[in-house]
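Trainee: Quick one: the structure is below, questions incoming.
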Amino acid sequence: MAEPTRTTSPCLAIHGGAGTITRALLGPAQEAEYRAALAEALTAGYALLQQGASSLDAVVAAVQVLEDCPLFNAGRGAVFTHNGLIELDASVMDGRSGLAGAVAGVRHIRNPVLAARRVMEQSRHVLLIGEGAEQFALAQGLAFEAPAYFHTERRWQQLQQARAQSAVLLDHSAPGAAGAVFEIALNDHKYGTVGAVALDAAGNLAAATSTGGLTNKQFGRVGDTPIIGAGCYAENGVVAVSGTGTGEFFMRGVLAYDIAARIKHQQQDLPSAVEQTLDSCLRQRGGEGGVISLDAQGQVYFGFNTEGMYRGQISASGLQVEIYHA
């Protein structure tokens, strides 16, 4: 893994999923599309930071761009459930106040990350699900879309493949990569969850995460994305984290919070905290995935145990986008 970078100015980092991402599988044309989309999200969030906006504003703006892009498994372009539906999850956490909000299993909200923020700011709750979350979002005036808006042909074909193999597939699973239902294949796949972490000029941290989950998922499955402390966490003076990977492992290990606890209670540095958490929560248990992390000093660290992770960062030092493992 490359050495972490530092900045004393506002900073934003994002991810668009991790997994078996290689040059041979991706191809130059698709790689260029992903790089452009990541750069657009980074630019949108950082523009707000430059204007003095909060870290929360920045992560929500960046994730909203990724939700609107059909390349990623979040919002438009999300994967289908077994019944041919789109069910979306998202979360946000404000490191300054310690407040958080999340939605799970929503089907019509254009940008679930906006709904998660409204839950945090306009309700007394942290997590709203399904129809109740949609009723709340509608009352908040958020944009809704018909199912056709979220439908993309490549996701539909992924569902047909998964149904034919009686498998639950992770995002962008390559042909032949499958396992029995709820025995997730760990051979050749990508996790398409998106997320962002930011540090603003006032020193406030924030994190946001959004996903469509697993292709062919059943029984109302919810992963780590809307679970605060699992797929999303932020605490001022400590760290902001957003994760992507095998959600069940993130939940069992309370992965995002475990990173924060190592920094806060054991005084570990950011790279050590991330790598030790990934080792204990993922590697030793057979899980895969990665995180983006940002500490109170402006140090950015990308940690993942896969062949690649769509990722990038932006600060006064410039914009950087990466895909493959170093």
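The values are calculated or read from the model by the stated rules, or taken from the named source; none is laboratory data. Note that this is a predicted model, so its numbers are computed, not measured. FYI the Cβ positions are ideal-geometry reconstructions off the backbone, even for glycines, and counts take in every protein chain you see. Side chains are part of the model used for accessible areas, which takes the heavy atoms of the whole protein and leaves out ligands, DNA and RNA. Shrake-Rupley method; radii C 1.70, N 1.55, O 1.52, S 1.80 Å.
Trainee: For the pair Tyr149/Tyr324, report the inter-label distance in nm, with labels modelled 7 Å from Cα in the Cβ direction.
Mentor: Rounded to a tenth, the inter-label distance reads 3.7 nm.
Trainee: Related question: Take each of the peptides 298-310, 192-204, average the number of other beta-carbon atoms within 10 Å over its residues, and list them starting from the highest.
Mentor: Highest mean packing first, the order is 192-204, 298-310.
Trainee: Please label the shape of segment 29-89 as rounded, prolate or oblate, based on the square roots a ≥ b ≥ c of the eigenvalues of the alpha-carbon gyration tensor (a/c under 1.5 means rounded; beyond that, a/b larger than b/c means prolate, else oblate).
Mentor: Details: a/c = 5.06, a/b = 1.61, b/c = 3.14.
Oblate.
Trainee: Return the long-range amide H neighbours of Thr193 (sequence gap of 5 or more, or a different chain), with a cut-off of under 5 Å between placed amide H atoms.
Mentor: Counting only residues 5 or more places away or on other chains, the set is Ala18, Gly245.
Trainee: Which percent of the accessible heavy-atom area of the chain goes to carbon and sulfur, probe 1.4 angstrom?
Mentor: On the chain, the fraction of accessible area on carbon and sulfur atoms equals 51 percent.
Trainee: Which value, in Å², gives the accessible area per residue of the chain when a 1.4 Å probe is used on the protein heavy atoms? Let's see the in-between values first.
Mentor: Working: 12080 Å² over 326 residues.
Averaged over the residues of the chain, the accessible area is 37 Å².
Trainee: Here is a follow-up. Scan around Ala74 for amide H atoms under 5 Å from its own, H built in the peptide plane at 1.01 Å from N, and keep only partners 5 or more places away or cross-chain.
Mentor: Those lying under 5 Å, H to H, from Ala74 are Gly212.
Trainee: Mean separation of Cα pairs under 8 Å and 6+ residues apart, divided by the residue count of the chain: what relative contact order is that in percent?
Mentor: Numbers: 905 pairs, mean separation 84.6, N = 326.
Dividing the mean separation by the residue count of the chain yields 26 percent.
Trainee: Among 51-63, 258-270, 223-235, how do they line up by average Cβ neighbours within 10 Å per residue, starting with the highest?
Mentor: Working: 51-63: 24.3, 258-270: 18.2, 223-235: 28.3.
Result, highest mean first: 223-235, 51-63, 258-270.
Trainee: Between rounded, prolate and oblate, where does segment 258-326 land on the alpha carbon gyration tensor, with a ≥ b ≥ c its root eigenvalues, rounded for a/c under 1.5, else prolate if a/b exceeds b/c?
Mentor: Oblate.
Trainee: Run lengths n ≥ 4 of DSSP H only: what is the helix-derived mean residue ellipticity at 222 nm for the chain, with -39500 (n - 2.57) per run over all residues, to the nearest 500?
Mentor: Roughly -10000 deg cm²/dmol at 222 nm, from the helical runs in the chain.
Trainee: Once you order the gyration tensor axes a ≥ b ≥ c over the Cα atoms, which shape class does segment 1-136 get: rounded for a/c under 1.5, otherwise prolate or oblate by comparing a/b with b/c? Provide the component values of the computation, followed by the final result.
Mentor: Working: a/c = 2.14, a/b = 1.12, b/c = 1.90.
Oblate, because a/c is 1.5 or more while a/b does not exceed b/c.
Trainee: Name the residue farthest towards the positive end of the dipole of the chain from the options Leu38, Met251, Gly318, assuming +1 on Cβ of Lys and Arg, -1 on Cβ of Asp and Glu, about the Cα centre.
Mentor: Sorting the options by dipole projection puts first Met251.
Trainee: Using R₀ = 45 Å, calculate the FRET efficiency as 1/(1 + (r/R₀)^6) where r is the Cβ-Cβ separation of Gln284 and Ala201; round to 0.05. Could you put the intermediate results ahead of the total?
Mentor: Numbers: r = 39 Å, r/R0 = 0.87.
The calculated FRET efficiency here is 0.70.
Trainee: Ok, one more. Hey, can you rank 86-97, 36-47 by average C-beta count inside 10 Å, highest first?
Mentor: Top of the packing list down: 86-97, 36-47.
Trainee: In whole Hz, what ³J(HN,Hα) sequence does segment 36-52 give by Karplus (6.51, -1.76, 1.60; θ = phi - 60°), x for Gly and Pro?
Mentor: Taking θ as phi minus 60°, the curve returns 5, 5, 5, 5, 4, 5, 4, 5, 5, x, 5, 4, 5, 4, 5, 8, x Hz for segment 36-52.
Trainee: Mind listing the long-range amide H neighbours of Gly237? Cut-off is under 5 Å, sequence gap 5 or more, other chains count too, H placed in the peptide plane at 1.01 Å from N.
Mentor: Leu205
Trainee: Taking θ as phi - 60°, what are the ³J(HN,Hα) couplings along segment 240-252 by the Karplus curve (6.51, -1.76, 1.60), each to the nearest whole Hz, with x for Gly and Pro?
Mentor: 3J(HN,Hα) across segment 240-252, in whole Hz: 10, 9, 9, x, 8, x, 6, x, 4, 6, 5, 6, 4.
Trainee: What list of ³J(HN,Hα) values in whole Hz, one per residue of segment 99-104 in order, does the Karplus curve 6.51 cos²θ - 1.76 cosθ + 1.60 (θ = phi - 60°) give from phi, with Gly and Pro shown as x?
Mentor: 7, 8, x, 7, 10, 9
Trainee: Moving on to the next point. Compute the relative contact order of segment 84-133 as a whole-number percentage, counting only Cα pairs closer than 8 Å that sit 6 or more residues apart in sequence.
Mentor: 36 percent
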